[in-house]
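Beneath this line is the structure, given in structure tokens, with notes to follow.
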Amino acid sequence: MKAEWEFVVKVTATGANIYRRYQLPPPPLLDPATADHSTYSTLRPIQLTSTGKQPIMANTDPKLADSPVRTLQLSALVVMRIIKHSTTSFPTPATGMLVGMDVGTALEVTNSFPFPVSTPDTQAGQVAMNPADPYYQADQAALALAAPRAKGSATYSAEMLKYLREVNVDAQGVGWYMSCSMGNFVSAAFIENQAFYQRQTDERSVALVFDVSRTSQGSLNLHAYRLSPAFVAAMKENKFTTESLQKSNLRYQDILIELPITIHNSHLLTSFLHQLPTPPPSAPTAKDFPASLAELRADAQTHIASNPLAPNYDTLDLAIDPFLEKTSDLLLESIEAHTQEQNNASYYQRSLGREQAKIKAWQEKRKAENALRAQQKQPALPEDEWQKLFKLPTEPSRLESLLIGRQVEQYARQVDGFSAMVSGKMFGVKGGLVPGEM
Amino acid sequence: MGDATAAPPTNPSSSFLHLARPLAPAPIATTAPSTAPLNIAVQPQALISILDHASRRPADQDRVIGTLLGTRSDDGTEVEIKNCYAVPHTETHEQVEVDMDYQKRMLELHLRASPKEVLLGWYATSSDLNTFSALIQNFYSQQGDGTFPHPAVHLTVSTAPGTDVAAHTYISAPIGTTPERAADSCLFLPVPHEIRYGEAEKSGLEIIAGARDREDRSQPLHTDIETLERAVEQVLEMLERVSNYVSNVLDEEAEPSAALGQFLLNTLSLQPKVEPEEIERDFNSHIQDVLLVSYLANTIRTQIDLSNRLATAALTMGPETGSGDGKNDGERKQGHGQGQRGGRDRGHGQAGPGGRRGEQ
């Protein structure tokens, strides 16, 4: 028993050390002497590790200050449409257009529509049309992700906007949305889409990311992102070499800016929501009560469970394995991708070194030759001919490793939030089942 | 209301009848088997979209209409309204104009994005059924562009101020003595409907419903922890209510109910009987799993950060940024060597979660 607690404390204490070294907000170090069996002191370090969970809150983030868009207001309609579109197309990511208008630094999103996914032409489709084929899935995902900046979608959305304007919808494109699973949205396609939008429509556009898997755990998981100005500048030059990164001091933490989201209902919807649940009888009498257990069950079926506004208790679920397994898998994937990038980089270094050695040898040879020619009173040969003879390898773009870094950060935050939640729940269950223990 | 009984028309000037349709799956048409839906499910986003359209209607128009999209079961008895879009129309005392071209193009656009949905019918934002309704209904259920052979579904959502928002669903049957009369009259039959929502929509609806009691009708998104807190608070509140009720019954202040008592007793007996040691063991292994993965994730994050920094930081130590300098190059290599070491450390990290999963 004692050993278990020490393990907990040790783990989090090391975590705290790592935080401190990287100048993130330093959590107060836990004194092992105070780490006794009380719930509070064992819970506290876990909560501390979750401070990274909400990195960007309204008006506190300096990165938001110079952004043309600072807050995002979603109408209920948009939320429901995105949820519906994303869940029906799951596991293929869904993408769509957001329309609305901008009011100062706030962006109001009032409607949305999905992008059509262009199906691969039938000749090629003959082979790949089997949905069980993993390549088919990958193709579909790639197609869906490419949709926001595809040419077909541009004409589609232009036409759609034209029609929406006729029925008094705020027909101004304000961004796009996509769905993801377990936070795996940071990819080159995502960045390119958002760069495309941020370049195009007057800079004021956002990317909404809806996490299908995490929403099924009980809490609506919707985030709005924009690319930081520094990253957009780098994107414009399309240069992600070591040098340019040093110059711009761009780190993976700076790629995306998260915007705070609020949900706004219309008056009409508010009144509709108020009358949806049938109010309980004001003065219950004997005949309001069910006569038997069976009747009560039937009643509960029709009235409580089917009530759309019934409280949602999915978040109280105690299962942890699916989440941990999936996150570990995704983390491993990221690590593999990272190693690959690292290999590319070191391959580049090696070939660069080889070429440079060759050039040096050539230069020395030419120098010696020139010295010889000088002795023989002959004109010297040019010494910069090596530029024509040797070609230096081009440096691989570091964009991918930046994105991997951001993705890993996303996963780590997710795990932090999850562990904070789960440990709270588990202590609760333990306290409930073993009274007097705590 | 059991049998098909004719009710007096609500509006004496219009040529339609209100009929209550028997709920048993009896064919309405005398010869062909019925293709009419018996039950209509409405998804919340369709309703919200209709309400949104209603609040954006032109000032001089009492009602606005739109097209309903969704899915129909194979035999046509179950209809699910999943989506809808607005269609502009103008209505005067004498005539009604529906922009049919708009409706056609919009349908095309919608079907391109979600090919599984079909045209189901139309909605209007007032609960009136008049001659114009019949005209539009016949337009939607016609052959060719319409829903034929299935009857079109008509959904009315009353949005008059001061009254409740009430939704009704109807299907129609042709009626009329002459072909001319048949074109602008039809028989609206009420069909039961329900609001159906998916599992994933629950959390969305919860947030939306959360905004209804606020003055500004807005609600910031919750974090996971806040959602958990709210759920726990709600459970506590419900427990409080139940225990209040029980103690009131014991004090003979509230009406007792045998069924409720039995239900509560059954629920109480659901508490699992487990040994404290077992709980202790499960608890510890669970919490260790969680903390291990959390720790690993953070270690990996740190390593990636470190490797990214090393990859770009090595050069800043050198005074020159050119690529031909030997000393510079050596430094960069050193930086990469460290990055590689980081990679190896991560190799250990990789073994961690794999080993954990192996245990399970």
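When the convex hull of the C-alpha atoms of the range B:275-318 is computed, what volume per residue in Å³ does it have? Walk me through the intermediate numbers first.
Working: hull volume 1.7 nm³, N = 44.
Cα convex hull per residue, to the nearest whole number: 38 Å³.
Mark the label point 7 Å from the Cα of B:ASP62 along Cα→Cβ and return the residues of the range B:115-129 whose backbone N is within less than 19 Å of it.
Under cut-off, by backbone N: B:123-129.
Amide H to amide H under 5 Å from A:LEU107: which residues, 5+ apart in sequence or cross-chain, H placed 1.01 Å off N in plane?
Sorted by chain and number, the residues that satisfy this are A:ARG70, A:THR71, A:LEU72, A:GLN73.
If each of B:MET100 and A:THR105 carries a label point 7 Å out from its Cα toward its Cβ, how far apart are those two points in nm?
5.3
Within the range A:141-162, name every residue whose backbone N is under 18 Å away from a label modeled 7 Å from Cα of A:PHE196 along the Cβ vector.
Under 18 Å, as judged by backbone N against the label point of A:PHE196, lie A:141-161 of the range A:141-162.
Report, as an integer, the average count of C-beta atoms from other chains found within 10 Å of each Cβ along B:214-222. If you can, show how the numbers build up before the last one.
Details: counts 3, 0, 3, 9, 6, 7, 7, 13, 4.
Other-chain Cβ atoms within 10 Å of each residue's Cβ, averaged: 6.
Filter A:LYS239/A:LYS388; A:LYS84/B:LYS116; A:LYS326/B:LYS202; A:LYS430/B:LYS273; A:LYS365/A:LYS388; A:LYS84/A:LYS326 down to the pairs with a C-alpha to C-alpha distance above 20 Å, please. Spell out each step's value before the answer.
Numbers: A:LYS239/A:LYS388 24 Å; A:LYS84/B:LYS116 13 Å; A:LYS326/B:LYS202 23 Å; A:LYS430/B:LYS273 13 Å; A:LYS365/A:LYS388 16 Å; A:LYS84/A:LYS326 23 Å.
Distance filter (> 20 Å) returns A:LYS239/A:LYS388; A:LYS326/B:LYS202; A:LYS84/A:LYS326.
Just read off the accessible area of A:THR105 with the full protein assembly in place, 1.4 Å probe, to the nearest 10 Å².
It works out to around 60 Å².
Rank these residues by their accessible area, most exposed first, probe 1.4 Å: A:LYS391, A:LYS430.
Values: A:LYS391 165, A:LYS430 5 Å².
Listed by decreasing accessible area, they come as A:LYS391, A:LYS430.
Whose amide H sits under 5 Å from the amide H of A:GLY175, counting only residues 5 or more places off or on another chain, with H placed in the peptide plane?
Excluding prolines and chain starts, which carry no amide H, the hits are A:LEU98, A:VAL206.
Using only the Cα atoms of the range B:229-301, build the gyration tensor, take square roots of its eigenvalues as a ≥ b ≥ c, and label the shape rounded, prolate or oblate: rounded if a/c is under 1.5, else prolate if a/b is larger than b/c, else oblate. Walk me through the numbers on the way to the answer.
Values: a/c = 4.81, a/b = 2.36, b/c = 2.04.
Cα axes put the range B:229-301 in the prolate bin.
With all protein chains present, calculate the accessible area of A:ARG149 using a 1.4 Å probe and round the result to the nearest 10 Å².
About 80 Å², ignoring ligands and nucleic acids.
How about the range A:363-438: which chymotrypsin sites (Phe, Trp or Tyr not before Pro) there are in a DSSP loop, with at most 14 other Cβ atoms within 10 Å of their Cβ? Each step should come with its number before you reach the end.
Working: sites: A:TRP386, A:PHE390, A:TYR411, A:PHE418, A:PHE427; in loops: A:PHE390.
Taking the range A:363-438 and a limit of 14 other Cβ atoms within 10 Å, the loop chymotrypsin sites (Phe, Trp or Tyr not before Pro) found are A:PHE390.
Per-residue HN-Hα couplings for the range B:146-162, Karplus 6.51 cos²θ - 1.76 cosθ + 1.60 at θ = phi - 60°, whole Hz, x for Gly and Pro?
For the range B:146-162, the Karplus curve yields x, 8, 3, x, 7, x, 6, 9, 10, 10, 10, 10, 7, 10, 5, x, x Hz.
Between the DSSP loop rule and a limit of at most 13 other Cβ atoms within 10 Å, which chymotrypsin sites (Phe, Trp or Tyr not before Pro) in the range B:168-212 are left? If you can, show how the numbers build up before the last one.
Values: sites: B:TYR170, B:PHE188, B:TYR197; in loops: B:TYR197.
Loop-located and lightly packed - none at all.
Suppose R0 equals 30 Å; then what is the FRET efficiency for B:VAL242 and B:SER73 from their Cβ-Cβ distance, rounded to the nearest 0.05?
Numbers: r = 40 Å, r/R0 = 1.32.
Plugging the Cβ-Cβ distance into 1/(1 + (r/R0)^6) gives 0.15.
Leaving ligands, DNA and RNA out of it, rank B:GLU78, A:GLU355 by accessible area with a 1.4 Å probe, largest first.
Numbers: B:GLU78 65, A:GLU355 35 Å².
My answer, sorted largest first, is B:GLU78, A:GLU355.
Once you have a ≥ b ≥ c as the square roots of the Cα gyration tensor eigenvalues for the range B:64-181, tell me rounded if a/c is under 1.5, and otherwise prolate or oblate according to whether a/b is larger than b/c.
Values: a/c = 1.34, a/b = 1.17, b/c = 1.14.
Rounded, because the longest to shortest axis ratio a/c is under 1.5.
Testing the spin-label approximation: label points 7 Å from Cα along Cα→Cβ at A:LYS377 and A:ALA319. State their distance in nm.
9.5
Each residue of the range A:96-101 in order: what ³J(HN,Hα) in whole Hz does its phi give by Karplus 6.51 cos²θ - 1.76 cosθ + 1.60, θ = phi - 60°, with x for Gly and Pro?
Result, ordered by residue: x, 9, 10, 10, x, 8 Hz.
Between A:ALA188 and B:ARG181, what is the label-to-label distance in nm when each label sits 7 Å out along the Cα-to-Cβ direction?
Those two pseudo-labels are separated by 7.1 nm.
For a quick check: with amide H placed at 1.01 Å from N, whose amide H comes under 5 Å from A:ILE263's, ignoring anything fewer than 5 positions away on the same chain?
Hits under the 5 Å cutoff: A:LEU74, B:GLN219, B:LEU221.
Using only protein heavy atoms and a 1.4 Å probe, report how much of A:CYS180 is accessible, in Å² to the nearest 10.
Accessible surface of A:CYS180 is approximately 10 Å².
Return the sequence-ordered ³J(HN,Hα) values of the range B:178-184 in whole Hz as given by the Karplus equation 6.51 cos²θ - 1.76 cosθ + 1.60 applied to θ = phi - 60°, using x for Gly and Pro.
10, x, 5, 5, 5, 5, 10
On full extension of the chain, what length is gained from B:ASN266 through B:GLU280, given 0.36 nm per residue of separation minus the C-alpha to C-alpha distance?
Details: separation 14, 0.36 × 14 = 5.04 nm, distance 2.63 nm.
Gain on stretching B:ASN266 to B:GLU280: 2.4 nm.
Please give the net charge around B:ASN248, taking every other residue with its beta carbon less than 11 angstrom from that of B:ASN248, where Lys and Arg add +1 and Asp and Glu add -1. It would help to have the intermediate numbers written out before the result.
Working: positive: B:ARG241; negative: B:ASP251, B:GLU252, B:GLU253, B:GLU255.
For residues surrounding B:ASN248, the net value is -3.
The values are calculated or read from the model by the stated rules, or taken from the named source; none is laboratory data. All of these numbers come straight from a predicted model, not from anything done at the bench. FYI the Cβ positions are ideal-geometry reconstructions off the backbone, even for glycines, and counts take in every protein chain you see. SASA here: full protein model, heavy atoms, side chains in, ligands and nucleic acids out. Shrake-Rupley method; radii C 1.70, N 1.55, O 1.52, S 1.80 Å.
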